[in-house]
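Chemist: Below is one structure. I have some questions about it.
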Amino acid sequence: MNIQSVNNYSTDIHDILELASNENAYFISSWDKNDRILNIDTNIVEQSIHQLEHKNTYIMSKDMEILKKQISSYLSEQGIETTKECITIVSNGTSAAFISLLQTFKRGATNFLFIGPIYFTYIHLLNIFGKKIYHYDINLFEKITFDFNKLEKEIREKAIHSLILIQPFFGSGMTLNDSILEKFISLCEKQHIYLLIDYVYGNMEWDSFSHIHNTKLIQMAITSNFCILYESISKRIFLNGMKSAVVFSSKKFISDINIDSEICLGSISYIQESLLHTLYSSNNITNVNQFIINALDCASNNYDLLCSLILGTDLKLCKSTCGYFTLLGIPKIHFESSKDQDIINELYNKTGIVTIPHSRYYYNSSEYYCFRINLATETYELLNAIEKLLHICSNSSDCDIC
């Protein structure tokens, strides 16, 4: 049985953030980048700040007609025929997750299944609303495959009403190809269950040269009656202080999201709207894509260096192929305790390195302490941190070769 019930899970990471706030701490699992590297063209930011047309206006998800047409036109140029009625915009990825979950709540969903590691916002919200949560365990250090016949059988047995799928798998840099995602959508269509695809860090394969939208996946989402897809270009270019999220789905879902968003989320800022106008403009969109390519080159180069550093040791690095993160596993035999909370403190006390154990994202290993690594960071700082970790792991053995 792959599907297991989720119980007694804490989403609290305040203790980790307190360590990370210390002056000499190196937060290797951070979600931000250093301001010294990978900065988008300042003209894009300046253009967005100075588009003052709506600075005194409430901007709701149901509004932004011109912007939605702009996005729709771009998609049309990429071969997708869609309309603004299949697109909406909210303030950030967390808001997109909440408003999408709300659509499933309104339609009677009570049993939720997440596939692989999950961002703690989802579990927190589902617990607040008294939903039953199930987990489909996967091994991020092996090739990921699914037996869809078996999965479908277990979904029926557990009476699952909705699936939640983060792509790439949270903090791992491992993603499913479009054909597998299509099978998930088809499964949900067949079983009449909802599928939420969190694609905020999606469409960033290291060997690809197009990173604005996954057109095939959007096409599948907007033609499905059960799928909601959300993503964030602003997060891909590290503008977390101006971020927003674009949601794609059927006209019915988008209409309902627009109504509920006005009531539950309120307006977005004029800077969030104007940033999207600026990014999608014909003068900038090519440069934005090139910036993402350059940032991903930095991340993939750092990943290759990590692979070289751990070669011949008993550390494990998942076989990442995309995005800004990877997952590292250190055998727990190298630590005084096998409990993740104790290992957090031991690592910090010995190295000054702050980690978020992946068990906080409901990914557990009895043998390895697993944590994500932010690859969008200065190389020398990252390598220095890994060397400190290797110094702790004095009892080395062969590891999985990257």
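Chemist: Just for the chain, what percent of DSSP beta bridges are antiparallel, to the closest 5?
Modeler: On the way: 23 of 43 bridges.
Given both bridge residues lie in the chain, the antiparallel proportion sits at roughly 55 percent.
Chemist: Return the percentage of antiparallel bridges among DSSP beta bridges fully within the range 163-288, rounded to the nearest 5 %.
Modeler: Numbers: 4 of 12 bridges.
Of those bridges, close to 35 percent are antiparallel.
Chemist: What does the net charge come to around residue 274 if you take all other residues with beta carbon closer than 14 Å to its beta carbon, with K and R at +1 and D and E at -1? Show your work: numbers first, answer last.
Modeler: Details: positive: 55, 243; negative: 46, 53, 63, 273.
That works out to -2.
Chemist: With a ≥ b ≥ c taken as the square roots of the eigenvalues of the C-alpha gyration tensor of the range 26-88, please select rounded if a/c is under 1.5 and otherwise prolate if a/b is larger than b/c or oblate if it is not? If you can, show how the numbers build up before the last one.
Modeler: Numbers: a/c = 2.12, a/b = 1.54, b/c = 1.38.
Prolate, since a/c reaches 1.5 and a/b exceeds b/c.
Chemist: Now for a different question. Quick one: which of 355-361, 103-109 comes out on top by average Cβ neighbours within 10 Å, and what's the full order, highest first? Don't skip to the end; give the middle numbers.
Modeler: On the way: 355-361: 23.1, 103-109: 14.9.
Final packing ranking: 355-361, 103-109.
Chemist: Next question, about the same structure. Compute the long axis of helix 65-77 from its Cα atoms, compare it with the longest principal axis of the Cα atoms of the chain, and write down the angle in degrees, 0 to 90, nearest 10.
Modeler: With rounding to tens, the tilt is 70 degrees.
Chemist: Now, a different point. Within the range 300-402, list the GluC sites (Glu not before Pro) lying in a DSSP loop whose Cβ has at most 14 other Cβ atoms in a 10 Å radius.
Modeler: Working: sites: 336, 346, 367, 378, 381, 387; in loops: 336, 367, 378.
Those satisfying the criteria are 336, 367.
Chemist: So with the 1.4 Å probe, I'd like the accessible area per residue for the chain, rounded to whole Å².
Modeler: Values: 16980 Å² over 402 residues.
Per residue, the chain has 42 Å² of solvent-accessible surface.
Chemist: So, with a 1.4 angstrom probe, what is the percent of accessible area on the range 310-393 that is carbon and sulfur? Kindly include the intermediate steps, with their values, before the conclusion.
Modeler: Values: 1450 of 3020 Å².
It is 48 percent, rounded to a whole number.
Chemist: Something else now. Divide by every residue of the chain the summed helix terms, -39500 (n - 2.57) for each DSSP H run of at least 4, and state the resulting mean residue ellipticity at 222 nm, rounded to the nearest 500 deg cm²/dmol. Don't skip to the end; give the middle numbers.
Modeler: Values: 14 runs with 165 residues, N = 402.
Here the helix-only value at 222 nm equals -12500 deg cm²/dmol.
Chemist: Turning to a different aspect of this structure: How far, in degrees from 0 to 90, does helix 270-280 lean away from the longest principal axis of the Cα atoms of the chain, to the nearest 10?
Modeler: 90
Chemist: Determine ³J(HN,Hα), in whole Hz, for all residues of the range 31-36 in sequence, where each value follows from phi through the Karplus function 6.51 cos²θ - 1.76 cosθ + 1.60 and θ = phi - 60°; x replaces Gly and Pro.
Modeler: 9, 9, 10, 6, 5, 7
Chemist: With a ≥ b ≥ c taken as the square roots of the eigenvalues of the C-alpha gyration tensor of the range 300-402, please select rounded if a/c is under 1.5 and otherwise prolate if a/b is larger than b/c or oblate if it is not? If you can, show how the numbers build up before the last one.
Modeler: On the way: a/c = 1.35, a/b = 1.29, b/c = 1.05.
Rounded shape, in that the Cα axes give a/c under 1.5.
Chemist: Follow-up. Using 20 Å as the Cα-Cα cut-off, could you pick out the over-long pairs in 33/350; 132/252; 316/339? Let's see the in-between values first.
Modeler: Numbers: 33/350 24 Å; 132/252 26 Å; 316/339 18 Å.
Beyond 20 Å: 33/350; 132/252.
Chemist: Counting Lys +1, Arg +1, Asp -1, Glu -1, what net charge surrounds residue 91 among other residues with beta carbon under 11 Å of its beta carbon? Write down the numbers at each step before the final one.
Modeler: Values: positive: 243; negative: 273.
Local charge sum for residue 91: 0.
Chemist: Could you please state how large a percent of the accessible area of the range 145-210 is carbon and sulfur, counting protein chains only and using a 1.4 Å probe?
Modeler: Numbers: 1310 of 2670 Å².
Exposed carbon and sulfur together represent 49 percent of the surface.
Chemist: Run through the range 37-87 and list the GluC sites (Glu not before Pro) located in a DSSP loop whose Cβ has at most 11 other Cβ atoms within 10 Å.
Modeler: Numbers: sites: 46, 53, 65, 77, 81, 85; in loops: 53, 81.
Taking the range 37-87 and a limit of 11 other Cβ atoms within 10 Å, the loop GluC sites (Glu not before Pro) found are 53, 81.
Chemist: Once you've got the Cα coordinates, tell me which of 131/251; 106/319; 84/153 are over 31 Å apart.
Modeler: Details: 131/251 26 Å; 106/319 39 Å; 84/153 37 Å.
Among 131/251; 106/319; 84/153, the Cα-Cα distance tops 31 Å for 106/319; 84/153.
Chemist: Considering only the range 1-160, what is the antiparallel percent among its DSSP beta bridges, to the nearest 5?
Modeler: Working: 3 of 8 bridges.
Expressed as a percentage, antiparallel bridges in the range 1-160 total about 40.
Chemist: As an exercise, identify the GluC sites (Glu not before Pro) in the range 150-228 lying in DSSP coil whose Cβ has no more than 10 other Cβ atoms within 10 Å.
Modeler: Numbers: sites: 152, 154, 157, 182, 189, 205; in loops: none.
Within the range 150-228, no GluC sites (Glu not before Pro) qualify (loop, at most 10 other Cβ atoms within 10 Å).
Chemist: Here's a follow-up. Using a ≥ b ≥ c from the Cα gyration tensor of the range 65-163 (square roots of the eigenvalues), is it rounded, prolate or oblate, where a/c under 1.5 gives rounded and otherwise the larger of a/b and b/c decides, a/b for prolate? Provide the component values of the computation, followed by the final result.
Modeler: Numbers: a/c = 2.13, a/b = 1.55, b/c = 1.37.
It is prolate, given that a/c is not under 1.5 and a/b is the larger ratio.
Chemist: Net charge within 10 Å of residue 64 by Cβ-Cβ distance, Lys/Arg positive one each and Asp/Glu negative one each, not counting residue 64 itself? All intermediate terms of the calculation are to be shown ahead of the outcome.
Modeler: On the way: positive: 62, 68, 69, 84; negative: 63, 65, 273.
Once all neighbours under 10 Å are counted, the net charge is +1.
Chemist: Right, something else. Choose one of 52, 11, 22: the residue whose Cα lies farthest towards the positive end of the charge dipole of the range 4-73 (beta-carbon charges +1 Lys, Arg; -1 Asp, Glu; about the Cα centre).
Modeler: Selected residue: 52.
Chemist: Something else now. Would you mind checking the tilt of helix 178-191 against the longest principal axis of the Cα atoms of the chain, expressed as 0 to 90 degrees and rounded to 10?
Modeler: Approximately 70 degrees, to the nearest 10.
The values are calculated or read from the model by the stated rules, or taken from the named source; none is laboratory data. Owing to the predicted nature of the structure, the values given are computational and were not obtained by experimental measurement. Backbone-built Cβ (ideal geometry, glycine too); neighbour counts: all protein chains shown. What goes into the accessible areas is simple: the full protein's heavy atoms, side chains included, and nothing from ligands, DNA or RNA. Shrake-Rupley method; radii C 1.70, N 1.55, O 1.52, S 1.80 Å.
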